[in-house]
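Data block below; observations after.
The values are calculated or read from the model by the stated rules, or taken from the named source; none is laboratory data. Model, not experiment: these values are computed from the prediction. Neighbour counts run over all protein chains shown; Cβ positions are idealised from the backbone, glycine included. Ligands, DNA and RNA are stripped out before the accessible areas are found, and what is left, the full protein with its side chains, is counted by its heavy atoms. Shrake-Rupley method; radii C 1.70, N 1.55, O 1.52, S 1.80 Å.
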Amino acid sequence: MLTLSATVPALQPSHMPCREDGVSSSSCQPGWPQVAFFYVPLYLIAIAQGADKPCGLAFAADQFDAEHQGERASRGSLFNWWFFCMAIGISVSVSVVGYIQEYVGWGLGFGVPCAIVLCAFLVFLLGTPTYRLYAPTPEAKSPFRRLARGLAANANKTGGLSASHSEEEEAAADARCVLRLLPIWAASLAYGVVYAQIMTLFNKQGRTLDRHIGDGLELPPAALQTLGPASILLFVPVYDRAVVPALRWATGNPSGLSMLQRVGAGMAVSLAGAAVAALVEARRLAMAREHGLVDDPSATVPMSWAWIVPQYAMMGVADVLAVVGLQELFYDQMPDGLRSLGLALYLSVMGIGGFISSLLISLIDGVTGSGGGDSWFADNLNRAHVDYFYWLLAGLSAVELALFLYFARSYVYKHKPN
């Protein structure tokens, strides 16, 4: 998905056909059939990810017995290492596949991920005899109907009516599990807004910096995109093998931190990361002004790429804490038959956060760019003020953290943490 977007500008349809002799020209553009052939697979990938991401992780977590203390603790590690593997995939996609597409060809560049997916599917099928498959409980056979009944039962109790059957009471208690998570979900949306900047504005910053290592080697722009996944790859083993045992000894909690404590810690690190990004961008702008590069958007600012490593690293650490914490929270606290829905609810935090980020950027760009002035997001980054936007994100993150702590203090776990 990261590399597909690079082909979109070249696929704008045109009424001017290509030359019949097959020789390409500047006016030779793909027609509607070619564009449709591109977009259909693109949306098929989106549909596949919408099904695979919540259901695959829920199925993997179901392989651990929640009633067994050891397996329950191991399930917490599953979420860590699942995210670790996702970071590996992103790193390979950005670096290796990106290099193949840039210097070898797009056909092979798309063929490599296709082969990897086929191999992964075969490995999944080979593991079929070892999977734990649970017989569906009565509540899991029709979870959405049961949820609707639970919501109706809660509404009746609020209106002064009492539920007449124990089954209705049980359905109401499923429904309450879902309702308790909604304030946590809403308070987490600002995190999704900050998360959306990792692959957008962070990269625009990095492209203007001096990317040399020593006197000769120059990092390609795509290499900077691996800094976030690289920090995840470094921190997950440290967290799972060193931090968790130390916290387990200190707190007595088998997971080290409770799920809400972990999410809150990630939000705090994300807030700090946004502030660091603002400070680094302010310094980059000052260097551009000092060296007379304000009106030269293609110039390299004499400032090392190492300056943006801390913000990438802090966002990677924040992801390991907050993203993995949200995954485990929305899986563990949902009713048994709705756990994949819970993970889909977690994924919507990132999706809706991305939409909010786009809306904010569009609104701010229109307001700050009116009257002939330079927008915060001017095409010439040396005249823009992305640092102001980062400070805005830091402020939103502070409000988010305060709301999260307020809701978390009154949250009652479905399974009380040991």
- Would you pull out the residues with amide H under 5 Å of Glu218's amide H, same chain only if 5 or more places away, H placed 1.01 Å from N? Ile213
- Task: Once you have all Cα-Cα distances for the range 284-418, histogram them in 5 Å bins from zero and send the whole-percent values.
- Result: 2, 8, 11, 16, 16, 13, 11, 8, 6, 5, 3, 1, 0
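Which order do Asp336, Asp295, Asp365 take by accessible area at a 1.4 Å probe, largest first?
Details: Asp336 85, Asp295 110, Asp365 65 Å².
The most accessible residue leads, giving Asp295, Asp336, Asp365.
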- Message: What distance in nm separates the two pseudo spin-label positions at Ala286 and Ala46, each 7 Å out from Cα along the beta-carbon direction?
- Response: 4.2
- Accessible area of Thr200, 1.4 Å probe, to the nearest 10 Å²? 70
- Leu151 accessible area, nearest 10 Å², 1.4 Å probe? 80
